[in-house]
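Trainee: This is the structure I have questions about; it appears just below.
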Amino acid sequence: MTTSSAGATGSRRKGDSSPARRKRSTLQRRVSLAGVGFVTPFLIGLALFIVAPIVYALALSVFRTQLVGGTAFVGLGNYITLFQDAKFWESFLRVLLFLVVQVPIMLVLSLIAALALDSARLHGAGFFRIAIFLPYAVPGVVAALIWGFIYGDQFGLTAAVNDAFGWHLAPLAKSWILGSIGNIVTWEFMGYNMLIFYSALRVISPDLYEAAELDGAGAWRVMFNIKLPAIRGSLVIAVIFSIIGSFQLFNEPNLLQPLAPNAISSNFTPNMYAYNLSFAGQQFNYSAAVAIVMGLITAVIAYVVQVRGTRAENR
């Protein structure tokens, strides 16, 4: 009798829990379908605009089109030629030098501006914040044209200064052109990086500042022991973005080339080299190989910076 009652009770419990399980299962399916619905547009965009172009570039890079014989599969032939190409390595070393010199200068200036705005000792902080960020809102093409007019030693501001003082300034000369382009890029992106650092500084807990004040810490100690460690992650992000931007350098030298044809060659940067190979030289396959190699180099360097920055942040 007892066994029968227990079996009946277990059956009732099992029967009662079945609708609940079905309800939970239905809810989980709905949540899963909703998640798929949200992710699907992103996956479609990723496949069409990221994956497909990369696959197409890879496919182009393993072929070679010749006047005699047409298009033929060459495997790694374009890559072997590329690694022996003096023009490519000249352009690569140029942007590497640009990266090593310009990026630290830009980031240090951005950091100084962010710390000054966050210090609460700068009068008119709102005005300076907008003024520093404003150049980032200017399209890159317009910025290059503005500075091209300023740099021109036959017209514009530089020419006027030369005439007024009897100087011979030539910012677009071959020995100065890389620094002149670096100045344009710094002017354009200093405000963007400043905003990244400033945003990170604004989320630091006020308790840390109160504790430092109770300990008698001065402004310099607060900066080195609280502010700079707190924005290390933002600094890593800014470095990665700057590395990518340096290796993608194209707009500024390409637009300044008509003003300085003797200083800016068709292979001044890897991107300009790939562009001119493709659209001026009709060497689409070789141009694709240049693009793939530069993409890999950029990805590897950015990954190394990210890993080292993350390890330093976790110490």
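The values are calculated or read from the model by the stated rules, or taken from the named source; none is laboratory data. Being a predicted model, the structure only gives us computed values, none of them experimental. Neighbour counts are summed over all protein chains in view; Cβ atoms, including those assigned to glycine, are modelled from backbone coordinates with ideal geometry.
Trainee: May I ask you to verify whether GLU188 is among the acidic types (Asp, Glu) and in contact with a helix residue (DSSP H, G or I) (Cβ under 7 Å, 6 or more places away or on another chain)?
Mentor: Yes; evaluated as a whole, the condition is true for this residue.
Trainee: Could you tell me whether ILE105 is free of Cβ contacts under 8 Å to residues at least 40 places away in the same chain, in a helix (DSSP H, G or I) and of a type in the set (Val, Ile, Thr)?
Mentor: Values: free of Cβ contacts under 8 Å to residues at least 40 places away in the same chain: no; in a helix (DSSP H, G or I): yes; of a type in the set (Val, Ile, Thr): yes.
No.
Trainee: In a loop (DSSP other than H, G, I, E, B) and either modelled with pLDDT of 95 or more or under 30 Å from TYR209 (Cβ atoms) (or both): does that describe ALA120?
Mentor: Taking the combined requirement at face value, the residue satisfies it.
Trainee: Among what's in the stretch 296-315 and is touching a residue at least 12 places away in the same chain (Cβ under 8 Å) and within 30 Å of PHE73 (Cβ to Cβ), pick the residue that is nearest to the chain's Cα centre (by Cα). I'd like the intermediate steps shown before the answer.
Mentor: Taking the stretch 296-315 and keeping what is touching a residue at least 12 places away in the same chain (Cβ under 8 Å), we get 297-298, 301-302, 305-306, 309-310, 312-313.
With the extra rule that they be within 30 Å of PHE73 (Cβ to Cβ), the set shrinks to 297-298.
Numbers: ILE297: 14, THR298: 10 Å.
Ranking the qualifying residues of the stretch 296-315, first place goes to THR298.
Trainee: Quick one: would you say LEU172 is touching a residue at least 60 places away in the same chain (Cβ under 8 Å), in the same structural domain as GLY245 (by TED's automatic domain parsing), closer than 25 Å to SER246 by Cβ and not β-branched (Val, Ile, Thr)?
Mentor: Considered against the rule, which asks whether it is touching a residue at least 60 places away in the same chain (Cβ under 8 Å), in the same structural domain as GLY245 (by TED's automatic domain parsing), closer than 25 Å to SER246 by Cβ and not β-branched (Val, Ile, Thr), LEU172 comes out as yes.
Trainee: Here's something else I'd like to know. When the stretch 64-102 is examined, which residues are found to be surrounded by 14 or more Cβ atoms within 10 Å (Cβ to Cβ), outside any helix (DSSP H, G or I) and β-branched (Val, Ile, Thr)?
Mentor: THR65, VAL74
Trainee: Which one of ASN193, ASN251 is at pLDDT below 95, buried (at least 16 other Cβ atoms within 10 Å of the Cβ) and within 27 Å of the chain's Cα centre (by Cα)?
Mentor: ASN251
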